[in-house]
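Trainee: Sharing a structure, written as structure tokens. Questions coming.
We did not get these values from a lab; they are worked out from the coordinates using the rules stated. Worth saying up front: this structure is predicted, and the values here are computed from it rather than measured. Cβ sites come from the backbone with ideal geometry, for glycine too, and all protein chains shown count toward neighbours.
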Amino acid sequence: TLMRDALVQAIADGRETDLKKKIKGAKGEALKQRRIDDFNAFKKWLSHKKEYTHIVDGANVAYSGQNHGQGGFQYSQIAAVVRKIELEDPSARIIVLLPTVYTGSVIPNNVQRGGKKMHKGNNERTVAYLSKQDKKVLSDLRKRDRLFAVPVASNDDWYWIYMAVQEDRKKPAVIITNDKMRDHCFKFMDQRPLWRLQSSQVYGFNLNYDPDASQDIEEMAKRCKLIPPLPVSREIQGHSGHWHVPVSDDNSLWFCVKKHND
């Protein structure tokens, strides 16, 4: 409940609270109301859907391993992770969350230098144009009801966290992301429940990225590895009269305390 309340407040406050120039006045209030309305629409949309079991942080997956000169937003990596989930759990209900800006035919490229430029007002951005394969990935996600485009003024991280902690969820969700949840957008909530969410429901991934290997989706899915959280969270655990205390950073060493009966 505390996490959900914090999310609602963060969505209302928005990302501009972390910028040097805050948006104020009527424009700021209008933007705040837009975020609230968008989030309420999202909750309504979600209430009409069968529960999703696997939530994919699409932008995090697509940019994984792409911090190099020819890097870019890779829709094929999203498709490979989705396919990997299918192979491991054929009954999975999968949803990919993407910022709206990555669901059009021209998208920003936040890693490549010297690429094609687009001017908007006084700003210049490096952009990329979707290939036929990219468009097919997006089209397939839409057709299979596996895509949600997060509105422009909101942070996609807030949306996938909400999906994981929504009030009427019947079973814990699996979240696919390598995000360590250390960015400013996670500072709005108490860190303990956030850490527990990360340590129990977040699966990391390794795409074993190799630019010279086959970029066929099936082959990429075979190389992909989903990394589950540790079976026991690194905190004091009580069991059958024993207390187990973690004493190492790698989870391999625990101190066991047994209650002494006189």
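Trainee: Could you tell me which of the pairs K43/K225; K84/K135; K180/K225; K44/K171 are separated by over 22 angstrom between their Cα atoms in the structure shown? Walk me through the numbers before you get to the answer.
Mentor: Details: K43/K225 31 Å; K84/K135 20 Å; K180/K225 18 Å; K44/K171 20 Å.
Listed pairs above 22 Å: K43/K225.
Trainee: Sticking with this one: Report the calculated FRET efficiency for Q70 and C256 (r = Cβ-Cβ distance, R0 = 41 Å), to the nearest 0.05.
Mentor: Numbers: r = 51 Å, r/R0 = 1.25.
The calculated FRET efficiency here is 0.20.
Trainee: Still on this model: Under 5 Å between amide H atoms, partner at least 5 residues away or on a different chain: which partners does V150 have, H built in plane at 1.01 Å?
Mentor: Here the answer is L98, T100, since their amide H atoms fall under 5 Å of that of V150.
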